[in-house]
Every structure is written in structure tokens, then in C-alpha cells.
Ligand SMILES: [Zn+2]
């Protein structure tokens, strides 16, 4: 039984490979090292990343019985192998794109030169609509000319590489086999969500555009969306110094150690080269998980910290005896769901009033702004998923995709999108599906926690141990919808999200 041996080797070396890779990313992104040295790691583990490893994973998959625990493992290992082969073949194209993004400069009509990566930030910060439009015209012209062709080529290649595996007919069917998730069903749910929330969106968007930006709906573009959701009117309620102590206190009140007995290490020091946004680096799962942050204060900072803490707690409370594929791989809708379970505490009036500077008076306005943003992001992601199924699906020609992109995204969000972004504003390998399912899982888990531990479950000392054991402990062995059925006894869907948004906008 050679394949059996190979699978054991895939697991043990795969675990060490993930650790070394993750340690490099942690060191580079936290400023401990100037750059991540990834090539030596890939070189050291080339045996478990090459065609033989893919063949072993495929043999294991083909030999496992549908619905068995073995099939569950085999599917994750095969998905991992397919992704690493495809990433290797796409590496040159991806590196070309990263280099372009690092160097590209946008030149406006009046001769201003701005780094490409700063344009969205400048647009968000600008209170002058004409300036936002001028930046947008310059940005989209550059993207259309240089970045879009590179991205289009990358997606064409990715589709070809995946289809050549001959696992199923076409990219989408292959993704469904490897992920265990139905794209068709999710796409239908997204279309229904867009229909069900259309009237609500038509009502709240024009008022917000008028109040915050002083513009009419018909003239709003994606650059205006950046400015609308960049509002900082509530930042003073979220001071930097209070963030870490307040949030850690809440996790303790929930009955678990926020640092998981030292398995979570907080890296809060100022260091040159450290990323400004908080991030979580699971270097050894579950024993060594880094939560890296540089507190700046403000609503976005608190939100990001909560999100990354959700990931960190998940990794640190995973059962150590689970095989490598359940700790490192699996349906990321699950880990993103826990991250969202924590960042959505920012939508809970009781939580906000207990742990942040927000008072009773300011809470309703804050929640209405949060509801508007939540609905916008969900509608945008639903449209993105529908579009991406067409991009990867192959039934729409590459040349016809930009017009379809503009139509779908503009209709869903009410902001005018640009053809230039049709191949740029795409999450590879359907990460949008993971986010959408995470949103659904989060909403269902919140309802379940309220049923079990009351509205203030986040400070009920019985809630934390249950979350750690019944949810985090299982790592990513289950798919998000399987977990929903197990703990909530009902299927995931958008209904609880719609209820939450209606409450916030009321
Ligand atoms: Zn996340």
C-alpha cells in the first residue's frame, strides 16, 4: 500500500512545511525580518509539493468511500495539492503582478503622480467629489492598459491548469468536488438575497449619499463608495489605549483565557517594517499562534483586532490530536465565520456600551451606519460571487466579461463600477464564497449563542468553554454548513443576516 505511506508522509511533512512557511510570513510581516524567504522552504519540501504528491493525494481520494471520514481527509489533501501545483505554475505571473503593484504610479490629468496602492486611500479620504473622479479616471486608465491584461491572462491560465486535471468537467465543477460546496446553490441564494433586500437598499442608500457626501444616487461611483464608508465620525469612541484591555477582558468574562494559556502570543511592540493592520499568524497549531497588532485606535482598528482575535482563538483551541489537514486546511468559511463572530460584536448595542466608549445616545446612529455598511458589503459580495461563477464558468466569453461585471456590480451596489476592474476585483479560487458562507455561519452562531446563553452571551462564563470545545476544538474538520446543522440544528442562509440588518437600520 504505497499510497497509504505517502499520505502519512504528506501529513507529517505537510505539517512542518506549513509551520516553516507560516513562520517566514510572521517574521516578514511583523518586521522581524526584511523579507520572507519562501523559496528555500518550497525547495526543502519539494517532494510533498510536486506531481508525485498530487498523484498520491488523488489515489487516496479515488480509493476512499463517499461520505466516509477517509474521504473527508482525502478531499482536503487533494484540494491542497491542486492548489499548490496551480500556485507553482502561476508563480511567475503572480510575481509579475506583485512587482507591478509595488511600482506602478498613477498620473492625473493635472500631472499629480500617486503610487497605485495609495489611490483608494486618497479617494476614501477626499471630501471633493471632482478630485475623487479625477483620481478614478487616471487609475482606471492605467489599470485598463497594464494590470487588466495581466490579470486576464492569469485567470485564463488558472482555468486551463485546473481543467487539465480532469477531475470534473470544467473549473466550477472541479472546485465543487474539491471544496464540497455547491456553487449553484450559493449563487441562487445570492440572487435571492439581492432581490429580498432591494427595496431596503433603495430606501437607505439615497438618503446616506445625500447626507454624507451631498450627491445623488445616479451620479455615485465606486470612488464615492470608498468615501462614504470611510466616515470617521465615531472614531473618538474607540480609543487605542482601551482596545486590547477591553477586548481581552470580554473574552475572560466569557469564561476562557484570551491568550489560551500562553499559546496565543501578543506581539504589540512598535517595530519598523511591522504591518499597520492587525493579523494572526498560526505558526504551530495549536501551540504557537501570534496575534500581531499596532494599536492606532478608531472603529476600523477595533474591528480588525476582534476579527484577528477570532482567528487566533480558533487556532489556539483546536484539538491537538486532529490530523494536519483538519488543523491547517479545510473550509475557510469556518475560521472566517469565527473571525466574523467576534468582529460582529461591533454590531451589538450591549457589547458596544460595555466595552467601548460609545454611549447610549450615540449608539443608534452608530448602528445605522454599521447596518448600511453591512448591507452594502453583502450586496457587493453576492454580486461578486455571481460574476465570478461566470468568469470561471466559461460560458461567457472573456471579451464579454467586463460589461457583465459593470452591470452586475452596479445594479447590486448602486455605485457605478468600471470595466477596467473586471479581472482585478476578483477573489481567486472563490474566496468570496468562503466569506459569504462565513457571514451566514456567523449570523447563525450568534442566534444560537443568544438562545443558549442569552443576549449578553459574550459575558456569560458558560459560553466561552462551549465555544472553545464545540466550535474551535473541531478545527476545520467539518464544512461550515455541516457545523451549522450540528450546533444550530438548522441550515445556514441569509435570513438571520437580513434580520440583523433590519434591526440596525430600524
Ligand atoms: Zn479573516
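Just so it is clear, none of the values below were taken in a lab; they were calculated from the coordinates. Remember, it's a predicted structure, so these values are computed and weren't measured experimentally. Neighbour counts run over all protein chains shown; Cβ positions are idealised from the backbone, glycine included.
In summary, helices (runs of 4 or more DSSP H) completely within the stretch 379-486 and bearing 1 or more residues that are in contact with a strand residue (DSSP E or B) (Cβ under 6 Å, 6 or more places away or on another chain) occur at 401-413. Return a yes/no flag: does the stretch 344-363 have any residue that is free of Cβ contacts under 8 Å to residues at least 40 places away in the same chain, in contact with a helix residue (DSSP H, G or I) (Cβ under 9 Å, 6 or more places away or on another chain), under 25 Å from residue 474 (Cβ atoms) and within 16 Å of the ligand (Cβ to nearest atom). Checking the stretch 344-363: not a single residue is free of Cβ contacts under 8 Å to residues at least 40 places away in the same chain, in contact with a helix residue (DSSP H, G or I) (Cβ under 9 Å, 6 or more places away or on another chain), under 25 Å from residue 474 (Cβ atoms) and within 16 Å of the ligand (Cβ to nearest atom).
Among the numbered conditions (1) closer than 11 Å to residue 148 by Cβ; (2) touching a residue at least 60 places away in the same chain (Cβ under 8 Å), the only one that residue 392 does not meet is (1).
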